[in-house]
Amino acid sequence: MNAAKENLWKAFRGLVVFWIIGLAIGETLMAWGIGNWPILGSIQAHITADATTYLLWQAVAIYVLVGGAVVYSAFRFRASSMSDTAAPAYQARTWAPFVVTWLVLAIGINLANTIYPGMVGLEQLWGIQLDTKNPLVIDVTAQQWKWTFSYPKQGVTDVSQLVVPEGRTIDFVLRTKDVMHDFWVPAWGEKKDVIPNEVRHLFITPTMLGTTATNPMLRVQCSLICGNGHPLMRAPVKVVTPADFKAWVANNSF
Amino acid sequence: MTDNSYAKLMDPASERAKRGAFFFLILFAAIIFAMWDLARFLWGGTAVPATLNMGVGVALTVLMLVSLVPVMAARKKLDQGDDAGIVSSLATLIVVSLVMAGGIVYSWTTLTIGSGYGGIYDITSLWFLVHFVAAILALLASIMKITRTPERAKSERWVSYNVLTFWGGVVILWVAFFIVFYIA
Amino acid sequence: MATNEIQENALNNMGVDKTPFAASMLFPLFRATLWGLTGYFAAAWITALLFHTVIVNPLPATVGYVVGLICWLMGSGVWEGWIRRAFGGKEAPTYTGIERYFRFGPDSKSTAVRYVVLNIVTFFLAGMAAMAIRIELLTPDSTSWWLSEIQYNQTFGIHGLMMLLGVVASAIVGGVGYYLIPLMLGTRNVVFPKLLGLSWWLLPPATFAVFMSPTIGGFQTGWWGYPPLAQNSGSGIVWYVLGAATILFASLLGAINIAGTMVYMRAKGMSLGRVPIFVWGLFAAATILVVESPATYTGALMDLSDMIAGSHFYTGPTGHPLAYLDQFWFLFHPEVYVFILPAFAIWLEILPAAAKRPLFARGWAIAGLVGVSMLGAMLGVHHYFTAVSDARMPIFMTITETVSIPTGFIYLSAIGTIWGGRLRINAAVLLVLMAMMNFLIGGLTGIFNADVPADLQLHNTYWVIAHFHYTMLGGVIFSWIAALYWWFPKVTGRKINEFWGKFHAWWFFVFFNCTFFPMFIAGIEGMNRRIAIYLPYLHDINLFMSISSFFLGAGFLIPLANLLYSWRYGPKAEANPWGSNGLEWQIKSPTPYVPYPAGTEPEVVGPNDNYAAEAKEPVIWVPTPSK
């Protein structure tokens, strides 16, 4: 029995080495992946991307710790063949330190995740919405299968291209004429469903100049299946400087 | 003598198991109605349309409550092992089912399905209609089994017990339906 | 072992029908098909005449489906096997030979085998739909030579619905569970054998209807069936609704049997603490179906009612389409636990026997299974965080993330079981280990969708596609094949080919990850789901996924060939080839029609996972007490 115990501790030391190597490789790959992250074109995109990348670091760590333990123990404690039917000496049904450690970590990570990035991210997103004094209101109308945009205060109505100024929070007022759609600009990091008989709001603060032509992540894309025109239910986006926006409004208003 | 036929060996559940496991089905059926009872206020608001005939609703509900009398009688006969004695009680329940079905179909003519209340009333009562049709078939099966093959009916009394349990469940669900759709 | 001697002696007197297979045994199948099609066309045509419409319209299609389904059931043997005798008519003969595989009957073993066959057929057809999807996505633009956008939408809808309800919903629960549950609990059959028999016969017409839905106009909503799109994108939605409801009802009939058998029919001495972990997994799944599926039926019926009866639950200016989402996801999130909990339980059933170790932290493992099923009831909202008000986000985020705690117990138990053991790795065990690694990725990436800020970006992108394929294909299907291999000797008396088993396990593992891992990246790069046409900057990654998926798809022919070949020509297996202490292995293999003879029954006298050298037999055979 004593010998069996010693072996298990030795095996555990091997697992720790395995973990360290795995974590080094995994997190290095993750650092490289996050270094190649697609563009983040709004304050909101930074908040949601922070949540995603944080969870990615954590997921890699958990994957190495749990998955590594599975792979390592399956390899380390394998029998020589199927006919090797001798039972091992170690027959314990449970081992409290392992179970307690597991429980504490599982509950701890869960609570932590609910607070960050969960609630912290939500509070940041809601905070922008609440703090905005004078948002640029844009009415968005979805229908099978096109988007139309109106700027009620600027007097611009029914344009098919979304032109917005950089650095100002926009209140997108979302309505649909027929079925459900989903308003999504991938570079802006958030999406919102558009529901029949309801009005929804999405607050976005663009921080990066660009057009759909320069970066395809900057496009309006319907993201909820809405029939056969769904994949092409896109609209071009143009993020311009406030001065250019003024000029555009002047040219397009009545 | 122990019955060692294939049919008996391969259906080993005791009467207690057959009657007990049946409640999983009753639970399932009850939750469906619970969903609709709750959804009634989303689609129908709190008002009850004037066209809905309150008298018919009250009459059907009273009929359902009174139908518990033959249910009790039939259960007692089953407990006593007097299978032949329950036929008239079961036949009464068939008549009740037919009246209930008629009442449900009549009430459809007093509502428009396109309205919020009409839609949710119609679909819930349609589901009751399905249960009454099932009840008619099950009651008929029990009656015919008892009259045609009394021996078999004796060894499979759990079927009749479950039919009565089912009926009791429908009565409770109907009363809830009446409260939610006619009064509340 | 004395055990099998008792069996052998008495079984020789059971006189089971040994007639070899003859084509005439297929008669009930042909009759069911003929009656079903006749019933469908007659009812649909009469309805169309009465309402002055054509038979592909929603109403005739609905009436035809219902009548056709009933006629199919009657033709399959429900009439003489059940209805006739229930009304006091002639007693049905008992089919004990090969014949019972081709007709309705109360035998849970032949029902389970039929489940396996149907699941394989459905998997093949729905897998072909997946191949069609990946061919379409080889190029970013609209491919005129392959599928139109409408056909593409119909294809992924059918693929999704059939893979979920036609395959993973019943693969482990039906094909493996219904076979093993009586044997593992120490009874000869389930509590309602005829209901269980009926459950399989509901599936073929439902599956057929969903696959045939393009013939009446198809449906473009994907497997969600969200209104109001459901009501204006093709009449095929009625077969989607009816097919899904029928399959769910079949699952419910199984669930009632699982729960009832577990509660009422355990062998003498089998306390709840000694119930095999696989049965706990099935029980946890069954409770979900009994308690949560009702909400989804109401949603399906109301969706259908809007389509055919003129109600406006979800459509028109007074409709509430969001209510459908609530009703739909109330079951369909927990439904994924119906798929995965039995898979978890398969791991924990196989690993102790393979490692010769007791199941580690058994109580926590059971708490994990039951805990997931209970928490799972409360969190469907995380499937539409982008549609709900802010107030609902924190609650459902928190509950959803909490599910990872009981899920973790499964890994805790599995790692603890392998640790310090002597794990004998055959093809089944290898697949279990791979399923654990795949599901781990699937589970960890689920946290991103539970976390609202991350989900607001990742929702409805390829990230989600990757996430649930890691759980469903990587977790459930891998475990399903592992279970088929592990219990293959129980059903056929033969072993599968280990080399090809391990070969395709590695083949799957490599190409599965090559196909689905890039989808996480595609999702982050802004590829939304359910699109036949995508932007050219996503071309390279899609090309890679498509080509990998063709290898993955082709690889599934290996286990199919392995199972078919081994069924006829595989090496003969002894009664208990893995040296398992499980009760199901203590009886003859292949399982006789009557698993153990009249007058005998098992009594459980110890835990079924004690593999210590000096351990006693967990089961003794005792004479049935006379009443």
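From the list A:G108, A:G68, exactly one residue is more than 8 Å from chain C (Cβ to nearest Cβ) and crowded, with 17+ Cβ neighbours inside 10 Å. Which is it?
A:G68
Out of the stretch C:546-560, which residues are in contact (Cβ under 8 Å) with a residue 12 or more places away in the chain and surrounded by fewer than 22 Cβ atoms within 10 Å (Cβ to Cβ)?
C:S546, C:S548, C:F550, C:F551, C:G553, C:G555, C:F556, C:I558, C:L560 - these are the residues of the stretch C:546-560 that are in contact (Cβ under 8 Å) with a residue 12 or more places away in the chain and surrounded by fewer than 22 Cβ atoms within 10 Å (Cβ to Cβ).
So which of C:Y264, C:Y226, C:Y240 ends up being within 14 Å of chain B (Cβ to nearest Cβ) and either in contact with a Ser or Thr (Cβ under 9 Å, 6 or more places away or on another chain) or not basic (K, R) (or both)?
Selected residue: C:Y264, the only one of C:Y264, C:Y226, C:Y240 that is within 14 Å of chain B (Cβ to nearest Cβ) and either in contact with a Ser or Thr (Cβ under 9 Å, 6 or more places away or on another chain) or not basic (K, R) (or both).
Of the conditions (1) assigned to a helix (DSSP H, G or I); (2) free of Cβ contacts under 8 Å to residues at least 40 places away in the same chain, C:P317 clears all except one; give me its number.
(1)
For A:I20, work out the one condition from (1) assigned to a helix (DSSP H, G or I); (2) surrounded by 13 or more Cβ atoms within 10 Å (Cβ to Cβ); (3) out of contact with any Pro (no Cβ under 7 Å at 6 or more places or on another chain) it doesn't fulfil.
Status for A:I20: all satisfied but (2).
Of all the residues that make up the stretch C:271-304, how many are over 23 Å from the mean Cα position of the chain (by Cα), surrounded by fewer than 22 Cβ atoms within 10 Å (Cβ to Cβ) and assigned to a helix (DSSP H, G or I)?
Total satisfying the criteria: 3.
Collect the residues in the stretch A:218-251 that are farther than 30 Å from C:F385 by Cα and in a helix (DSSP H, G or I), keeping them in residue-number order.
A:P242, A:A243, A:D244, A:F245, A:K246, A:A247, A:W248, A:V249, A:A250, A:N251
Enumerate the pairs (first residue in the stretch C:349-369 and on the phi > 0 side of the Ramachandran plot and in the same structural domain as C:I172 (by TED's automatic domain parsing); second residue anywhere and among the polar types (S, T, N, Q) and crowded, with 24+ Cβ neighbours inside 10 Å) with beta-carbon separation below 7 Å, excluding pairs fewer than 6 apart on the same chain, so at least 6 apart or on different chains.
Pairs that qualify, where the first residue is on the phi > 0 side of the Ramachandran plot and in the same structural domain as C:I172 (by TED's automatic domain parsing) and the partner is among the polar types (S, T, N, Q) and crowded, with 24+ Cβ neighbours inside 10 Å, are C:A361/C:S413.
Within 23 Å of C:I415 (Cβ to Cβ) and at the interface with chain C (Cβ under 10 Å from one of its Cβ atoms): is that true of A:A59 in this structure?
Considered against the rule, which asks whether it is within 23 Å of C:I415 (Cβ to Cβ) and at the interface with chain C (Cβ under 10 Å from one of its Cβ atoms), A:A59 comes out as yes.
Go through (1) farther than 30 Å from C:T315 by Cα; (2) within 13 Å of chain C (Cβ to nearest Cβ) one by one and return the number of the condition B:G114 breaks.
Unmet for B:G114, out of (1) farther than 30 Å from C:T315 by Cα; (2) within 13 Å of chain C (Cβ to nearest Cβ): (1).
Scan the stretch C:451-478 for residues that are facing chain A (nearest Cβ under 8 Å), in contact with a Ser or Thr (Cβ under 8 Å, 6 or more places away or on another chain) and assigned to a helix (DSSP H, G or I) and jot them down.
Within the stretch C:451-478, C:P453, C:A454, C:L456, C:Q457, C:L458 meet the criteria.
Only one of (1) within 14 Å of chain B (Cβ to nearest Cβ); (2) among the β-branched types (V, I, T); (3) assigned to a helix (DSSP H, G or I) is not met by C:V116, so which one is it?
All conditions pass for C:V116, except number (1).
Restrict the check to the stretch C:426-446 and report whether at least one residue is small (G, A, S) and over 26 Å from A:N110 (Cβ atoms).
yes
Would you mind stating whether A:W95 is of a type in the set (F, W, Y) and either within 8 Å of chain C (Cβ to nearest Cβ) or under 30 Å from C:A427 (Cβ atoms) (or both)?
Answer is yes for this residue.
Search the stretch B:40-67 for residues that are within 14 Å of another protein chain (Cβ to nearest Cβ) and pair each with any residue that is among the aliphatic types (A, V, I, L, M) when their beta-carbon atoms are under 6 Å apart and the residues are at least 6 apart or on different chains.
Cβ pairs passing all conditions: B:R40/B:I120; B:R40/B:V180; B:W43/B:I120; B:G44/B:I120.
Given the conditions (1) more than 28 Å from the chain's Cα centre (by Cα); (2) of a type outside the set (S, T, N, Q); (3) away from chain A (no Cβ under 12 Å), and given that C:Y485 satisfies all but one, which numbered condition is not satisfied?
With respect to (1) more than 28 Å from the chain's Cα centre (by Cα); (2) of a type outside the set (S, T, N, Q); (3) away from chain A (no Cβ under 12 Å), C:Y485 is out only on (1).
Within the set of pairs 6+ apart or on separate chains, which have a first residue in the stretch C:78-95 that is at the interface with chain B (Cβ under 8 Å from one of its Cβ atoms), a second that is among the hydrophobic types (A, V, I, L, M, F, W, C) and part of a helix (DSSP H, G or I), and C-beta atoms under 6 Å apart?
C:A86/B:A141; C:F87/B:A141; C:F87/B:M144; C:G88/B:M144; C:T94/B:A7
The values are calculated or read from the model by the stated rules, or taken from the named source; none is laboratory data. Quick caveat, the model's predicted, so the values are computed rather than measured. Positions of Cβ are backbone-derived with ideal geometry, glycine not excepted, and every protein chain shown enters the neighbour counts.
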